[in-house]
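Just so it is clear, none of the values below were taken in a lab; they were calculated from the coordinates. Everything numeric in this text was worked out from a predicted model, so none of it was measured. Neighbour counts run over all protein chains shown; Cβ positions are idealised from the backbone, glycine included.
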Amino acid sequence: MADSRPVYLRIADDLRRRIDDGSLTVGARIPSRSELKRAYAASDQTVDRAVRVLKAAGYAEGQFGRGVFVADRAPLGTLLRTTGAVDTPFAAEIRTVRDRHPLRAPHLTWGRPPTRDPRPNGDWRPDRDQRPDRDQRPDRDGDQDRERERERERERNRRPDQDGHPIRDQHPPCGHPSGGTSLTWEATSAEAPAPARIAERLGIAPGDPVVCTEYEYLADRRPVQLATSWEPLAVTAGTDVVHPERGPYARRGVRGRLAAIGVRVVRARELVGSRPATTPEAEALGCAAGQCVTVVERTHFDGDGRAVETSDLVVRADRWRLEYVIPFTG
């Protein structure tokens, strides 16, 4: 029986099968455009479309000037969603698939501020044979140059200017486990009008002022999770907690910060879904635009049922799983 599939799908499926059965291993070069054209009697456009299908599915990644290579799709670990995790944009623990040793980030709990050089209660040892994401290959000099440039950029943006430009905060490593992995995050806060979908979640009018904080979480400078948080200025304006990562109540989470101004947060709701990654998300997370990401929409409520914060959390669906522990009582 003749194969009725479009040629680009036949090419993509054949390559995917070779990757799944190990004929093409992680890091191996995908056959070039000219090789695939000859093998399938296909046009440039057909071959390019097949490769885009592979990239969108997370099977392949492009390296500028070198070609397309088989991507590492092995899950990196689990982001554990607990009470502490719900209180902050980041999961309370990261667990690797092999070791199952958690890295607990102390800035994710609320109460007493952490020390200057907080240490994790636990250990995260990444797979030592784990290949770098994306097109990252050993390049010590380049890494150092990029890190110096990032640090200069952080310094330029560390304090808000008189015109109210965004405030950017970069936090030191949360830990230095035995494998040398450090967990850091950067946060950028700015006042903005609430988009319609965010206004609906917060129960305010579209365009009402909010403080929008964008987070990027890194493990050894490699992206782990993105998060964006919105808080109504009607709740925090004129207080010490208006910017989540600055002031005397920074790093205490939503409950701890809002408790300082007399707002008692009593519950949170999370909606978990998936969608294609946007281009900025793909660039930040090291995947192809359109590749599937897991999105958690989380909203905190006070004792009167008022929404006081809402966030979008984004992780790569092919690299991270979300774990929920559901206790039973009685």
- line: Most packed first (mean Cβ within 10 Å per residue), the peptides 264-272, 45-53, 314-322, 188-196 order as 314-322, 45-53, 188-196, 264-272
- prompt: Which cross-chain or sequence-distant (5 or more) residues have an amide H under 5 Å from the amide H of Ile261, H modelled 1.01 Å from N in plane?
  reply: none
query: Ranked highest first by the average count of other Cβ atoms within 10 Å around their residues, in what order do 296-309, 274-287 fall?
result: 296-309, 274-287
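How much FRET efficiency would the formula 1/(1 + (r/R0)^6) give for Arg10 and Ala196, where r is the Cβ-Cβ distance and R0 is 35 Å, rounded to 0.05?
Efficiency, rounded to the nearest 0.05: 0.25.
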Size of region 179-248 as Cα extents on the principal axes (Å, biggest first): 48, 28, 14
- prompt: Taking only the alpha carbons of region 7-70, what extent do you get along each of the three principal axes, in Å, biggest first?
  reply: 27, 26, 19
